[in-house]
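K.L.:
The structure's right below; bear with me while I get my questions together.
The values are calculated or read from the model by the stated rules, or taken from the named source; none is laboratory data. Because the structure is a prediction, the values reported are computed rather than measured. Note that we place each Cβ from the backbone using ideal geometry, even for glycine, and neighbour counts take in every protein chain shown. SASA here: full protein model, heavy atoms, side chains in, ligands and nucleic acids out. Shrake-Rupley method; radii C 1.70, N 1.55, O 1.52, S 1.80 Å.
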Amino acid sequence: MTTLFKNVTAVLMDGADTVLPGAYVAVEGGRISSVGAVRPQGPFDREIDGAGCVLMPGLVNAHTHVPMTAMRGYGDGNNLQDWLHNYIFPVEAKWDDRAIRSCAALGLAEMIAAGTTCIADMYMHTGAIAQEVAAAGISANLSVGGVYFGAPEDFSPDACGDCANQRRLTEEWHGYNNGQILVDASIHGEYTSSAPLWQWMADYAHEKGLGLHIHVSETQAEHAECIARHGKTPVQILDEYGVWDGRAIAAHCVYTTPEDWAIMAAKGVSAIHNPVSNLKLGSGVAPVPAMLRAGVNVALGTDGVSSNNNHDLFEELKFAAVLHNGVARDPLALLPADALRLATVNGGRALGRRTGRIEAGYDADLILVDFSHLNLTPCHSVISNLAYAAHGGDVVMNMARGQVIYQDGEFFTIDIERVKREVADYALPRLFGNQ
Ligand SMILES: [Zn+2]
């Protein structure tokens with residue numbers, strides 16, 4: 001299958017922040033085959049006229065928990081501990097694969113309609129999530145979020161449930177469909193596990209050639225308690241067990257230090273910024289401009305909808321774009337192009353994928369944004385409008401891995417009416433019915 005996008009303004013997300021009017025972007029199979037101002041040699045199986053639209057790389061949501069879509073708004077207005085222990089954990093104990101599948105599909109549909117083409121997800125019942133990702137057509141790095149609450153001396157990989165979950169997920173899904181799904185090794189966080197699990201996950205990731213996904217220094221208490229326990233920050237203590245020796249993504253990094261950034265930059269650890277979740281939960285503000293200056297790759301995530309409360313990465317990147325200017329009292333602290341990079345090319349790098357750029361050889365993860373919408377009119381700068389004025393509802397087409405999966409409100413890989421019925425009739429009664 002070959003496709004030609006024509007009559008579009010293309011935002012390439014290359015090193016020069018190129019915006020190419022009158023662009024032609026050709027797609028062959030799952031990859032971009034050419035980009036330029038001159039029509040390439042045809043014919044093409046399909047031509048998509050993008051007049052009035054901007055074509056840009058699909059957005060990368062580099063930290064999320066997609067089935068938590070079910071908990072949108074549930075328990076809001078409580079402190080973090082009450083929210084987790086009285087609302088979130090009791091509901092999570094009731095999941096089964098069927099409920100996970102419907103709520104994952106609902107979250108994926110929301111993401112797709114708002115321009116996301118690639119995610120890094122961490123959640124339980126991960127095989128059920130993988131089935132929905134496979135059907136939806138986007139790319140995903142999936143992880144189980146390994147926890148271990150036992151005594152360190154009692155640890156055994158054969159008795160640790162999340163070691164078994166990790167092995168099963170890797171064997172069943174890693175590399176699925178030419179890399180559409182990659183499995184990352186995973187530690188939920190320093191505070192929900194101990195050294196034997198860190199060592200096992202680091203060794204397992206190394207042995208299987210996997211990336212690794214972990215929450216790091218999200219709250220002040222978590223960060224301070226780690227220092228009290230180990231005399232080191234989470235980044236530093238995990239470094240001693242080889243956790244950062246392969247590709248790794250560290251979600252939040254709100255309280256990370258300059259010493260932490262030096263390790264992250266040297267070892268290629270990406271920080272995943274989740275500004276809305278960090279603000280909503282009162283966690284704080286990650287030092288993104290300082291991390292970027294220190295050479296850390298920073299990407300963007302929504303975190304779970306339960307702490308956001310949506311999957312709109314355009315909203316997320318606007319928060320990033322304005323938040324750091326306010327904190328630094330400097331309107332140049334994070335430029336619009338910097339914010340766009342977090343949501344595209346930096347996300348691709350964080351996930352070990354060739355996505356987030358419009359360039360020959362990259363995955364054909366592309367979205368059309370309708371610049372005739374009132375909130376994008378007039379347009380003095382395409383980049384500024386994308387960073388500050390656009391929202392997910394401006395996305396009119398989503399192509400993931402060369403397949404158009406969404407256009408003008410219609411989903412081609414998700415039966416959205418069936419999913420909504422399944423969520424309403426099965427998942428919500430199961431999760432919330434007896435409360
Ligand atoms: Zn998270």
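K.L.:
Remind me, relative contact order of the chain in percent, using alpha carbon pairs under 8 angstrom and six or more residues apart?
P.N.:
Details: 974 pairs, mean separation 94.0, N = 435.
Dividing the mean separation by the residue count of the chain yields 22 percent.
K.L.:
Next up: When the Kirkwood radius is taken over all Cα pairs of the chain, what Stokes-Einstein diffusion coefficient follows at 25 °C and 0.890 mPa s, in µm²/s? Walk me through the numbers on the way to the answer.
P.N.:
On the way: Rh = 21.8 Å.
Taking Rh from Cα pairs, D becomes 112 µm²/s.
K.L.:
Could you state the number of Å between the C-alpha centres of segment 126-161 and segment 172-199?
P.N.:
Each part reduced to its Cα centre gives a spacing of 6 Å.
K.L.:
Moving to a separate point now. List the cysteines in the chain whose Cβ has no other cysteine Cβ under 4.7 Å from it.
P.N.:
If one checks each Cβ against the other cysteines of the chain, C53, C103, C118, C226, C253, C379 turn up with nothing under 4.7 Å.
K.L.:
For segment 171-303, give the magnitude of the charge dipole about the Cα centre (Cβ charges: +1 Lys/Arg, -1 Asp/Glu; no others), in debye to the nearest 20. Please report the intermediate quantities before stating the final value.
P.N.:
On the way: 7 positive and 15 negative charges, 79 e Å.
Dipole size: approximately 380 debye.
K.L.:
Could you give each residue of segment 79-91 its phi-based ³J(HN,Hα) in whole Hz, using Karplus coefficients 6.51, -1.76, 1.60 with θ = phi - 60°, and x for Gly or Pro?
P.N.:
6, 4, 5, 5, 4, 5, 7, 9, 10, 6, 4, x, 5
K.L.:
If you don't mind, another one. Note down the net charge around C53, summing +1 for each Lys or Arg and -1 for each Asp or Glu among other residues with Cβ under 15 Å from its Cβ.
P.N.:
On the way: positive: K6; negative: E47, D49, D370, D394, D408.
That sum, taken over residues with Cβ under 15 Å, equals -4.
K.L.:
Taking H as built 1.01 Å from N, whose amide H comes closer than 5 Å to the amide H of R31, not counting residues under 5 places away?
P.N.:
The list, which skips near neighbours in sequence, is A364.
K.L.:
So if each residue of separation counts as 0.36 nm, and I subtract the Cα-Cα distance between E172 and S34, what length gain in nm does that give? Spell out each step's value before the answer.
P.N.:
Numbers: separation 138, 0.36 × 138 = 49.68 nm, distance 3.39 nm.
Extra length from E172 to S34 when fully extended: 46.3 nm.
K.L.:
Excluding V276 itself, calculate the net charge of residues whose Cβ lies under 15 Å from the Cβ of V276, where each Lys or Arg counts +1 and each Asp or Glu counts -1.
P.N.:
On the way: positive: R72, K280, K318; negative: D76, E110, E218, D303, D312, E315, E316.
Combined, the nearby Lys, Arg, Asp and Glu give -4.
K.L.:
Top mean-square fluctuation among P196, P43, P289, Gaussian network model of the chain, C-alpha springs under 10 Å?
P.N.:
Of P196, P43, P289, the Gaussian network model singles out P43 as fluctuating most.
K.L.:
Provide, for the chain, the number of lysine pairs with alpha carbons under 24 Å apart, each pair being eight or more places apart or on different chains. Display every interim value, and only then the final one.
P.N.:
On the way: K94/K420; K208/K267; K232/K267; K280/K318.
So the count works out to 4.
K.L.:
How far apart, in nm, are the 7 Å Cα→Cβ label points at H373 and N7?
P.N.:
Between H373 and N7, the label points sit 2.0 nm apart.
K.L.:
If Lys and Arg each add +1 and Asp and Glu each add -1, what is the summed charge of the other residues whose beta carbon sits under 11 Å from the beta carbon of C160? Could the numbers behind the result be given before it?
P.N.:
Numbers: positive: R167; negative: D154, D158, D162.
Spelling it out: positives minus negatives among the neighbours equals -2.
K.L.:
Using a probe radius of 1.4 Å on heavy atoms only, what accessible surface per residue do you get for the chain? Whole Å² is fine.
P.N.:
Details: 16360 Å² over 435 residues.
That works out to 38 Å² for each residue.
K.L.:
Same structure, new question: At a 1.4 Å probe, what is the % contribution of carbon and sulfur to the accessible area of segment 303-435? Each step should come with its number before you reach the end.
P.N.:
On the way: 2820 of 5470 Å².
With neighbouring chains kept in place, the figure for segment 303-435 is 52 percent.
K.L.:
Just to confirm my numbers, what's the Cα centroid distance between segment 337-409 and segment 64-88 in Å?
P.N.:
When both Cα centres are located, 29 Å separates them.
K.L.:
Let me ask something additional. Across 10 Å bins from the origin, how do the percents of Cα pairs in segment 127-231 run, short distances first?
P.N.:
Calculated over all Cα pairs of segment 127-231, the distribution is 15, 42, 30, 12, 1 percent.
K.L.:
Quick one: which residues, 5+ away or cross-chain, put their amide H under 5 Å from the amide H of M397? H built at 1.01 Å from N.
P.N.:
Long-range HN contacts for M397: L368, D408.
K.L.:
Tilt of helix 220-230 relative to the longest C-alpha principal axis of the chain, in degrees (0 to 90, nearest 10)?
P.N.:
Result, in degrees: 50.
K.L.:
With 24 Å as the cut-off, how large is the P(r) tail for segment 290-435, expressed as percent of Cα-Cα pairs? Intermediate values should be presented prior to the final figure.
P.N.:
On the way: 4657 of 10585 pairs.
The share of Cα pairs beyond 24 Å in segment 290-435 comes to 44 percent.
K.L.:
Which of M56, L84, P43 sits farthest toward the positive end of the charge dipole of segment 24-101, with +1 on the Cβ of Lys and Arg and -1 on the Cβ of Asp and Glu?
P.N.:
Farthest along the dipole direction, towards plus: P43.
K.L.:
May I pose another question? Could you tell me how many degrees, from 0 to 90 and to the nearest 10, lie between the Cα long axis of helix 313-328 and the main elongation axis, the longest principal axis, of the Cα atoms of the chain?
P.N.:
With both axes taken from Cα atoms, the answer is about 70 degrees.
K.L.:
Same structure, new question: With no solvent and one equal point scatterer per Cα, compute the Debye intensity ratio I(q)/I(0) for segment 354-435 at 0.24 Å⁻¹ and report its log10, rounded to two decimals.
P.N.:
-1.09
K.L.:
What percentage of the solvent-accessible surface of segment 227-268, computed with a 1.4 Å probe over protein heavy atoms, is contributed by carbon and sulfur atoms? Mind showing how you got there, number by number?
P.N.:
Numbers: 930 of 1700 Å².
Solvent-exposed carbon and sulfur of segment 227-268 make up 55 percent of the total.
K.L.:
May I ask you to give the percent of accessible area on segment 5-163 that is carbon plus sulfur, with a probe radius of 1.4 Å? Let's see the in-between values first.
P.N.:
Working: 2930 of 5780 Å².
The C+S portion of the solvent-accessible surface of segment 5-163 is 51 percent.
K.L.:
To test your reading of the geometry: what angle, between 0 and 90 degrees and rounded to tens, separates the Cα axis of helix 195-208 from the longest principal axis of the chain?
P.N.:
Taking the Cα atoms of the chain, the angle to 195-208 is about 40 degrees.
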